[in-house]
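Structure first, then comments.
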């Protein structure tokens, strides 16, 4: 169970700031971002959702290949979204916003200028084997809709994209002292509780 006192402590510390969540495909990023969005009454924002909302043949080609969008598209479509006036005064719960090394500086700058300073980065840690098992379960449950990039043939490409392009992003946040690592092999509720506990400890420092 979530401790209301911890939620209050985190809310006071977070204000209109932001939290960004990373992990391998099927680590639970969207699920945990959604849970935090409900706890802290802020919007859930994923760069993938932004790209899907503005889908073009070019964007679709990257989804079909299982590769990350180029930084030029990220800068054009995602960064402006973070500073829109409708988000003012609200905390932002981000799902893997800025996955390509070098994008994190732009993300932090835009968030700071929009009064949503980045307060913490959550890294949901699972193995490739765990992620593959979750992919198979998700296929059976059909709980993620019709996502082209969830094709099993593309999962290894997505793993490699994460290792090569996103791991350096996570390392950079670690060096900045923003990173919180969470064992994401537990139940969804246990993962949420661990995140809340770690955020509360950080907020209390």
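The values are calculated or read from the model by the stated rules, or taken from the named source; none is laboratory data. Just so it is clear, the structure is predicted and the values come from calculations on it, not from any experiment. Counting neighbours? That spans all protein chains shown, and the Cβs are built from the backbone with ideal geometry, glycine included.
For region 50-68, name all the residues that are within 18 Å of the chain's Cα centre (by Cα) and either farther than 21 Å from residue 154 by Cα or free of Cβ contacts under 8 Å to residues at least 24 places away in the same chain (or both). Break it down into steps so the answer makes sense when it comes.
Our first condition is that a residue be within 18 Å of the chain's Cα centre (by Cα); within region 50-68, this holds for 50-53, 63, 66-68.
Within region 50-68, 52, 53 meet the criteria.
Only one entry in 110, 97 is assigned to a loop (DSSP other than H, G, I, E, B) and at pLDDT 95 or above, namely 97.
Suppose we filter 165, 119, 139 for residues that are surrounded by 13 or more Cβ atoms within 10 Å (Cβ to Cβ), modelled with pLDDT of 95 or more and outside any strand (DSSP E or B); which single one remains? I'd like the intermediate steps shown before the answer.
On the way: 119 fails: outside any strand (DSSP E or B); 139 fails: modelled with pLDDT of 95 or more.
Among 165, 119, 139, only 165 is surrounded by 13 or more Cβ atoms within 10 Å (Cβ to Cβ), modelled with pLDDT of 95 or more and outside any strand (DSSP E or B).
Residue check: residue 53 meets all listed conditions (1) surrounded by fewer than 19 Cβ atoms within 10 Å (Cβ to Cβ); (2) touching a helix residue (DSSP H, G or I) at 6+ places or on another chain (Cβ under 8 Å) but one, namely (2).
When residues in region 168-185 are screened for being outside any helix (DSSP H, G or I), surrounded by 14 or more Cβ atoms within 10 Å (Cβ to Cβ) and touching a helix residue (DSSP H, G or I) at 6+ places or on another chain (Cβ under 8 Å), 5 of them pass.
Regarding region 84-99, can at least one residue be identified that is in contact with a helix residue (DSSP H, G or I) (Cβ under 7 Å, 6 or more places away or on another chain), surrounded by fewer than 18 Cβ atoms within 10 Å (Cβ to Cβ) and either closer than 23 Å to residue 18 by Cα or without any contact (Cβ under 8 Å) to a residue 60 or more places away in the chain (or both)? Within region 84-99 (the criterion being in contact with a helix residue (DSSP H, G or I) (Cβ under 7 Å, 6 or more places away or on another chain), surrounded by fewer than 18 Cβ atoms within 10 Å (Cβ to Cβ) and either closer than 23 Å to residue 18 by Cα or without any contact (Cβ under 8 Å) to a residue 60 or more places away in the chain (or both)), the answer is no, since none of the residues qualifies.
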